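The values are calculated or read from the model by the stated rules, or taken from the named source; none is laboratory data. Bear in mind that the values here come from a model prediction, so they are computed numbers and not experimental data. Cβ: placed from backbone, ideal geometry, glycine included. Neighbour counts: every protein chain shown.
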Amino acid sequence: MKSRVLMAIVLISFPFSIYSQAAPTSKDAKVSKYLKATPELLKNGKAVYLKSCAECHGESGDGKGDTAQYMDKKPTNFISDRFKQGDTAEAVSKTILNGIPDAQMPAFADMSEKDRWSAAYYVLSLRNKK
């Protein structure tokens with residue numbers, strides 16, 4: 001009797017244990033479907049960048065946006081500065097999502113995944129225009 005109850009508990013809980021192990025724990029835990037820069041993503045990224053990033057980082061990405069002069073820590077110059085979190089689309093996307101509080105970079109947690117990755121690819125394309 002005891003072994004049947006134990007077996008029933010195992011069988012009932014098994015699907016839930018698989019689900020809990022496979023479920024992502026945060027937005028970053030899942031693998032993005034935007035793992036490759038496409039012309040569409042770059043075009044969208046430019047629009048997102050101009051709307052959300054250019055005010056601080058400048059339209060060209062030179063770190064000289066309209067509000068940069070009022071900031072204690074100057075925004076990253078995407079054309080020539082090292083990126084604080086790494087020079088990959090994944091690192092830039094995570095920076096956009098989480099921000100960098102000690103560098104006055106706000107988090108854009110409400111930005112869609114597509115817009116975040118698009119902006120990340122666009123920012124990296126600015127580096128390539130040296």
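For the reader, a short list of remarks on this structure follows.
- Hits in the stretch 73-120 - residues which are part of a helix (DSSP H, G or I) and acidic (Asp, Glu): GLU90, ASP102, GLU113, ASP115
- Close contacts from the stretch 69-96, counting a first residue that is without any contact (Cβ under 8 Å) to a residue 60 or more places away in the chain and under 18 Å from GLU55 (Cβ atoms) and a second that is acidic (Asp, Glu) and in a loop (DSSP other than H, G, I, E, B), with Cβ to Cβ under 7 Å and a gap of 6+ residues or different chains, come to ASN77/ASP62; ILE79/ASP62.
- The combined condition, being among the aromatic types (Phe, Trp, Tyr), surrounded by 13 or more Cβ atoms within 10 Å (Cβ to Cβ) and within 13 Å of GLU113 (Cα to Cα), is fulfilled by TYR34.
Residues are listed down the side, and each one gets a yes or a no for (1) among the aromatic types (Phe, Trp, Tyr); (2) assigned to a loop (DSSP other than H, G, I, E, B):
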| residue | (1), (2) |
| --- | --- |
| VAL31 | no, yes |
| LYS43 | no, no |
| TYR49 | yes, no |
| GLU59 | no, yes |
| ASP62 | no, yes |
| TYR122 | yes, no |
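- Single condition TYR122 does not satisfy, out of (1) within 11 Å of the chain's Cα centre (by Cα); (2) crowded, with 18+ Cβ neighbours inside 10 Å; (3) closer than 18 Å to LYS33 by Cβ: (1)
Residue by residue, here is whether (1) of a type in the set (Ser, Thr, Tyr); (2) under 20 Å from GLY65 (Cβ atoms); (3) in contact with a strand residue (DSSP E or B) (Cβ under 6 Å, 6 or more places away or on another chain); (4) modelled with pLDDT of 95 or more holds:
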{"site": "ILE79", "(1), (2), (3), (4)": "no, yes, no, yes"}
{"site": "LEU97", "(1), (2), (3), (4)": "no, no, no, yes"}
{"site": "LYS114", "(1), (2), (3), (4)": "no, no, no, yes"}
{"site": "TYR121", "(1), (2), (3), (4)": "yes, yes, no, yes"}
{"site": "SER125", "(1), (2), (3), (4)": "yes, yes, no, yes"}
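- Number of residues in the stretch 62-112 that are under 20 Å from LEU126 (Cα atoms) and acidic (Asp, Glu) equals 5.
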